[in-house]
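Each remark here refers to the structure printed beneath this line.
The values are calculated or read from the model by the stated rules, or taken from the named source; none is laboratory data. Quick caveat: nothing in here was measured; it's all calculated off a predicted structure. In this analysis, Cβ positions are derived from the backbone assuming ideal geometry, glycine residues included, and neighbour counts consider all displayed protein chains. Surface areas here come from the heavy atoms of the whole protein model, side chains and all, with no ligands, DNA or RNA. Shrake-Rupley method; radii C 1.70, N 1.55, O 1.52, S 1.80 Å.
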Amino acid sequence: LLIHLHRAARRDEPQRRAVLTEQACQRLCDQCLLPTPDIEGIAAELGMSYETFRKMFRAQVGMAPHHYLLEQRFIHARRLLREGLSVQQAAVAVGYADPYTFSRQFKLQTGMPPAEYRKLYAEGR
C-alpha cells in the first residue's frame, strides 16, 4: 500500500509543480510593480521554503523568480514607454524610485536606453 501511494504521489508531482508554478507566476506578476516584491512570502504562501521554491520555479520556468519578476517589470515598462510616458514616469510606475537605476536596468534588459526605446517605438509619433 505504501509503495502504491508513493508511486501515485510521484505520478502527480509534475502536475502539482505545474499548478504551483502557475500560481507563483501569477503572484509574481501581481507584485512585479511593487518596489520590494516579497518572493519569500510567495514561497511561504505556496507552502515551501524560499530555496525549494527558487529551484522548482527555475526548473519549471527556466529562470529564477527574481529574473522573471524583472522581465515582467520591463515588459510593462516597454508598454508604458510605447504609450508615450516619460522615462521618469515609467520608472515610478514599475516600482523604481530612481530613474537612473531604472535606465541602467532597462538597458541591460533590452539593449538600449529607455529614452531611445521611447523615441523609436512610441505610438502615434
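Scanning the range 75-114 for residues that are outside any helix (DSSP H, G or I) and either more than 18 Å from T36 (Cα to Cα) or among the acidic types (D, E) (or both) yields E83, G84, L85, S86, D98, G111, M112, P113. When L69, L33, L80 are screened for being more than 15 Å from the chain's Cα centre (by Cα), among the hydrophobic types (A, V, I, L, M, F, W, C) and at negative phi, only L80 passes. Among the residues of the range 33-45, the ones that are open to solvent by less than 30 Å² (accessible area, probe 1.4 Å) and touching a residue at least 24 places away in the same chain (Cβ under 8 Å) come to 1 in all. Are any residues in the range 46-85 free of Cβ contacts under 8 Å to residues at least 24 places away in the same chain and of a type in the set (S, T, Y), and if so, which ones? Correct list: S49, Y50, T52.
When A59, A122, A77 are screened for being more than 30 Å from A18 (Cβ to Cβ) and among the small types (G, A, S), only A122 passes.
Within the set M48, M63, the sole residue that is assigned to a loop (DSSP other than H, G, I, E, B), open to solvent by less than 60 Å² (accessible area, probe 1.4 Å) and either in contact with a His (Cβ under 7 Å, 6 or more places away or on another chain) or at pLDDT 90 or above (or both) turns out to be M63.
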